[in-house]
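Take a look at the structure below.
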Amino acid sequence: MNVERLVAMVNDIASFFASEPDPETAADQVAAHLQRFWEPRMRGAIVRHLAAGGSGLTPLARSGVARLQK
Amino acid sequence: MYAMDHRDLGTPACVAAGEVRLEIDGHEITVPAGTSVMRAAALAGAAIPKLCATDTLEAFGSCRMCLVEIEGRRGYPASCTTTVAPGMKVRTESPRLERLRRGVLDLYLSDHPLDCDTCPADGHCELQSVAAALGVTQSRLPSGGASQRGMPPDVSNPYFAFDPDTCIVCSRCVRACRDVQGTFALTIEGRGFRSRVSASQHEPFLGSECVSCGACVEACPTAALTEKSRIAKGSPVRAVTTTCAYCGVGCSFKAEVNAKGVVRMVPDRAGAANHGHACVKGRFAYGYTTHSDRVLKPMIRERISDPWREVSWDEAIGRVASEFRRIQAKHGKASVGGITSSRCTNEETFLVQKLVRAVLHTNNVDTCARVCHSPTGYGLKSTLGESAGTQNFDSVAKADVIVVIGANPTDGHPVFGSQMKRRLRQGARLIVIDPRAIDIVRCPHVEADVHLQLRPGTNVALVNALAHVVVTEGLADEAYAEERCEVDSYRRWRAFVSQARVSPEATEAITGVPAALVRSAARLYAAGPNSAIYYGLGVTEHSQGSTMVMGIANLAMATGNLGREGVGVSPLRGQNNVQGSCDMGSFPHEFSGYRHVSDAATRELFEDSWQVPLASEPGLRIPNMFEAALDGSFRGLYIQGEDFVQSDPNTRHVVAALSAMECVVLQDLFLNETSHYAHVFLPGSSFLEKDGTFTNAERRISRVRKVMEPLAGLADWEITMRLAQSLGYPMRYAHPSEIMQEIASLTPTFRGVSYEKLDRLGSIQWPCNDRAPEGTPTMHVGSFVRGKGKFIVTEYVATPERATSRFPLLLTTGRVLFQYNVGAQTRRTPNLAWQSEDRLEIHPDDAESRGIQDGDWVGLSSRTGDTVLRATLSTRMTPGVVYTTFHFPETGANVVTTEYSDWATNCPEYKVTAVQVVRLENPEAWRARRRAEREARTPAAVSAT
């Protein structure tokens, strides 16, 4: 999968949930969205990208993706 | 003329309260108060002669043929304009009445050709019928006086002819154009013998304002306005009631046929979505179904650079099965997938997703709703609890304020557009939110109270500003919001929209809309009392499409405009079965009825029925499939009726992805642009060739009935079934009704649906179950589907697609009345007479600074590609915004659109693309380059060998 494209997509998702005042809840919502709508190989690719440094991910996007690893 | 099996009652039904008992020709009858004597007589079985009256139009009282005698009243009143009264005693027949009617008839016949034997209306002409009833064969009046005989016919319209010789100037056509269609294109010009029906100001029909809806043709009592198909093919001998395969209005039609095929399509007066009205596409543009471009033999090829080879159904389907099994064995189950088509039936889309999930053992199934209304599903489900519009179309008749956002109903959904215009002529107020001054902003007898002409891409900022006014000016329905919705979510949202930074004044620089106009619109919407929102792809096809849908739902909940007639949030769905394809489980994350694949109980239900284990993880969406194809992990795709290459954004990217796959299977009527990348072509069937159901934008399930046998031998559902069998799965149905039984058994919202009930009721709006056995016209009555409505904070996030010095204009796209989506259907009809190319609409200021004049060839470029088309100067857009359609592959407008998409659903952002437009000094060089690019993307000759 094109990781640059996935990074842009997860950043867009994080932008929406950024209005949630509690950052932990916001990160949970990002993760829940990815879990619910992203096919496993997409989730795997973004998780691997984060493990490799997560270049380009916004802080909330990073937090959300990090929750997928758990 | 009417449908062949229609019995006309003369005047419309009256819905007034109370009943009246009267006597007609000695027989007592009870009818609703306000009913005309003519209608009451028809209901009583007495046929009063008439010429200017018909039950789709208000009484006119001009022909004087329907005179009756009423006890105690002087003279001979016209029965069409006389309403019933208690105790009234009416005589419809008497020697005196007969003399009067004969006298009137003499006048009509004195100026009418009596060549009934060769007239196309022979046997169906109302003048002929009246004359026969009165025993009159010719006029007693001398000929040779003033006459309009011999005037040349107008055959300019490709679908119908106007012959003034046979016109009796009854004005039914003029009234139909005015009252039913709302275009006001026709008039009676001149007086006395010089009276003549005229389109616009004495123009040929084709060049006039006429939109060719055909309401005038159907209303005509003689042969003056006649379908050319009827002239060519003769009288129909039978009629089949079915559903249109164009837009999401889902009009019901009677297909009238004889041995030569379909003679004409007549809108069904009993059709609950259209009430007997139609548009130019549904009524006339069905010729594509028998067009010579139809491919009727299955075809295969090893490589996309090879020529096609015609093969048997068995060989073609066997090839697909062996290739998919080979690919899955080598690259895993998730290396293949399928696409359902919103032009196919519910039953057919259900089978494709079943094949993907149960036979291919993956959830890699998606549908073309991905690129249009997927944000509707997400946004409405999140806020209200159901992925569908809240109303029926008739609800608009009770709306006091109508808001149209990013939709163009008079072009995209013309029959509903006419219904909306009718309500607006009655006095409803209108707010239009659109970058473009669409027709309904100002058309005959309709003018928007407010047009918020926002910059493309700023919808969310605008809806937040509207909400700001509602909340901060105390216009919200606090009691409704707090009782019907989650209080915490409401209060949090209220605090969000109350902030000064989202006010009309603060966002004016973003949206480009004067704050005062926004405030005016918000106050009007909140005042209602019944305010209804209708929206289209101008809402969904944005990077914040889902956010905007939620913003709309927030606004409706905050003002209490949900859960009753006259209000609501209604997405105007693009294709005939977009709603249905989504309902049927076409999305990769959910089963039919919008239940997530991770839900174990739902999965178990399907596993029990289908007798296979099912995947619990969501599959790939269409754009994800393309990305996976490019990385080599997705290699086989079964496409049921879709043209990615023309309709999806960033054509080069789509082409690269398709070219990377090992087995692309296209099931379609025609070799479309996507066929150039297919390895197997399976000839599909049109809506006239199969049984099934479509579900329209108001959740209305309507029957599709077979009018003729599938030209290629198999209906689409049969193709999918045979493919499943070839893959080793026992998928067997004798008829689509059996598929619907399975859908009903597995889908709570369809639990009560059956073909028997559909035949009995005509149509059903889901949910249809034990609680609503005959369906649900209005949703969320009393409570929301999700229990409490949920307000969601909708922060505006600007699209990354911005105008720059290199690409300083913003392009937005749409469609026009006479063409439809990628044009696969309408480009193969005489609709080309109205539009035969995509045009770029550009503001005169932008054109002048580029030296562009109307009709010039221009180059349209974005960062993803360029194309060439001709310019039309137009003040519909503000400077800085240009507009085009995507109907013609020669233009390929999606060459320039980008990969940006909705954050939640990946619905492409078609509506915002930064572009540059230049006048072409040497357009032929650009066109040659464009052709070369297109040919380079077309690896093989497409001729079947």
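Any residue in the range A:1-23 that's without any contact (Cβ under 8 Å) to a residue 12 or more places away in the chain: show its pairings with residues that are among the aliphatic types (A, V, I, L, M) at Cβ separation under 6 Å, as long as the two are six or more apart or on different chains. Final answer for the pair search is A:19/B:793; A:20/A:26. Selection over the range B:782-791 of residues that are in contact with a helix residue (DSSP H, G or I) (Cβ under 8 Å, 6 or more places away or on another chain) and in a strand (DSSP E or B) gives a count of 2. Taken over the range B:838-850, the criterion of being open to solvent by less than 40 Å² (accessible area, probe 1.4 Å) and part of a loop (DSSP other than H, G, I, E, B) is satisfied by B:838, B:843.
Look at (1) away from every other protein chain (no Cβ under 14 Å); (2) part of a helix (DSSP H, G or I); (3) crowded, with 17+ Cβ neighbours inside 10 Å and you find that residue A:57 fails only one, number (2).
For the criterion of being open to solvent by 10 Å² or more (accessible area, probe 1.4 Å), away from chain B (no Cβ under 12 Å) and over 22 Å from residue B:626 (Cα atoms), residue A:52 passes. When B:612, B:645 are screened for being buried (at least 19 other Cβ atoms within 10 Å of the Cβ), more than 14 Å from chain A (Cβ to nearest Cβ) and of a type in the set (Val, Ile, Thr), only B:645 passes. Note on the range B:155-252: enclosed helices (runs of 4 or more DSSP H) holding 1 or more residues that are crowded, with 23+ Cβ neighbours inside 10 Å are B:172-175, B:215-219. Inspect all residues belonging to the range B:543-550 and state whether any of them is within 17 Å of residue B:402 (Cα to Cα) and within 14 Å of chain A (Cβ to nearest Cβ). Yes.
Here is a yes/no grid of residues against (1) free of Cβ contacts under 8 Å to residues at least 60 places away in the same chain; (2) over 18 Å from residue B:57 (Cβ atoms):
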site	(1), (2)
B:263	yes, yes
B:273	no, yes
B:277	no, no
B:286	no, yes
B:293	no, yes
B:296	no, yes
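All conditions but one from (1) surrounded by fewer than 21 Cβ atoms within 10 Å (Cβ to Cβ); (2) under 30 Å from residue A:30 (Cα atoms) apply to residue B:909; the one that does not is (1).
From the list B:916, B:825, the one residue that fits, being open to solvent by 30 Å² or more (accessible area, probe 1.4 Å), among the polar types (S, T, N, Q) and touching a residue at least 60 places away in the same chain (Cβ under 8 Å), is B:916.
Scanning the range B:854-881 for residues that are in a loop (DSSP other than H, G, I, E, B) and either small (Gly, Ala, Ser) or more than 20 Å from residue B:436 (Cα to Cα) (or both) gives B:855, B:856, B:862, B:863, B:864, B:865, B:874, B:880.
Per-residue answers, yes or no, for (1) in a loop (DSSP other than H, G, I, E, B); (2) within 30 Å of residue B:896 (Cβ to Cβ); (3) away from chain A (no Cβ under 13 Å):
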{"site": "B:779", "(1), (2), (3)": "yes, no, yes"}
{"site": "B:793", "(1), (2), (3)": "yes, no, no"}
{"site": "B:796", "(1), (2), (3)": "yes, yes, no"}
{"site": "B:800", "(1), (2), (3)": "yes, yes, no"}
{"site": "B:803", "(1), (2), (3)": "yes, yes, yes"}
{"site": "B:807", "(1), (2), (3)": "yes, yes, yes"}
{"site": "B:813", "(1), (2), (3)": "no, yes, yes"}
{"site": "B:818", "(1), (2), (3)": "yes, yes, yes"}
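Quick one: is residue B:502 more than 14 Å from every other protein chain (Cβ to nearest Cβ) and either under 21 Å from residue B:791 (Cα atoms) or in contact (Cβ under 8 Å) with a residue 60 or more places away in the chain (or both)? The answer is no for residue B:502.
Taken together, B:874, B:862 contain a single residue that is within 18 Å of residue B:801 (Cα to Cα) and open to solvent by less than 20 Å² (accessible area, probe 1.4 Å), which is B:862. Among the residues of the range B:170-193, the ones that are among the β-branched types (Val, Ile, Thr), under 28 Å from the mean Cα position of the chain (by Cα) and over 12 Å from residue B:209 (Cβ atoms) come to 2 in all. Looking only at the range A:9-34, filter to residues that are at the interface with another protein chain (Cβ under 8 Å from one of its Cβ atoms) and part of a helix (DSSP H, G or I); which one of those is nearest to residue B:492 (Cα to Cα)? Taking the candidates together, the pick is A:16. Checking B:87, B:135 one by one, the residue that is open to solvent by 40 Å² or more (accessible area, probe 1.4 Å), more than 42 Å from the chain's Cα centre (by Cα) and modelled with pLDDT under 95 is B:135 and no other. If you go through the range B:593-607 and keep only what is open to solvent by 60 Å² or more (accessible area, probe 1.4 Å) and either assigned to a strand (DSSP E or B) or in contact with a Lys or Arg (Cβ under 8 Å, 6 or more places away or on another chain) (or both), you end up with just B:598. Of the listed requirements (1) over 24 Å from the mean Cα position of the chain (by Cα); (2) within 14 Å of chain A (Cβ to nearest Cβ); (3) not charged (D, E, K, R), residue B:518 misses just one: (2). Could you grab me the full set of residues in the range B:582-609 that are facing another protein chain (nearest Cβ under 10 Å) and of a type outside the set (D, E, K, R)? Those that are facing another protein chain (nearest Cβ under 10 Å) and of a type outside the set (D, E, K, R): B:587, B:588, B:589, B:596, B:597, B:598. Inspect all residues belonging to the range B:416-431 and state whether any of them is crowded, with 24+ Cβ neighbours inside 10 Å, assigned to a loop (DSSP other than H, G, I, E, B), within 19 Å of the chain's Cα centre (by Cα) and touching a residue at least 60 places away in the same chain (Cβ under 8 Å). No, the conditions are met nowhere in the range B:416-431. Residue B:498 meets each of the listed conditions (1) of a type in the set (Gly, Ala, Ser); (2) open to solvent by 30 Å² or more (accessible area, probe 1.4 Å); (3) under 30 Å from residue B:214 (Cβ atoms) apart from (3).
Please work out if residue B:630 is away from every other protein chain (no Cβ under 14 Å) and within 20 Å of residue B:329 (Cα to Cα). No, not satisfied.
The values are calculated or read from the model by the stated rules, or taken from the named source; none is laboratory data. Everything numeric here is computed off the predicted structure, so don't read it as measured data. Positions of Cβ are generated from backbone atoms using ideal geometry, with glycine treated the same way; all protein chains shown enter the neighbour counts. The area values use the complete protein model at the heavy-atom level, side chains included, leaving out ligands, DNA and RNA. Shrake-Rupley method; radii C 1.70, N 1.55, O 1.52, S 1.80 Å.
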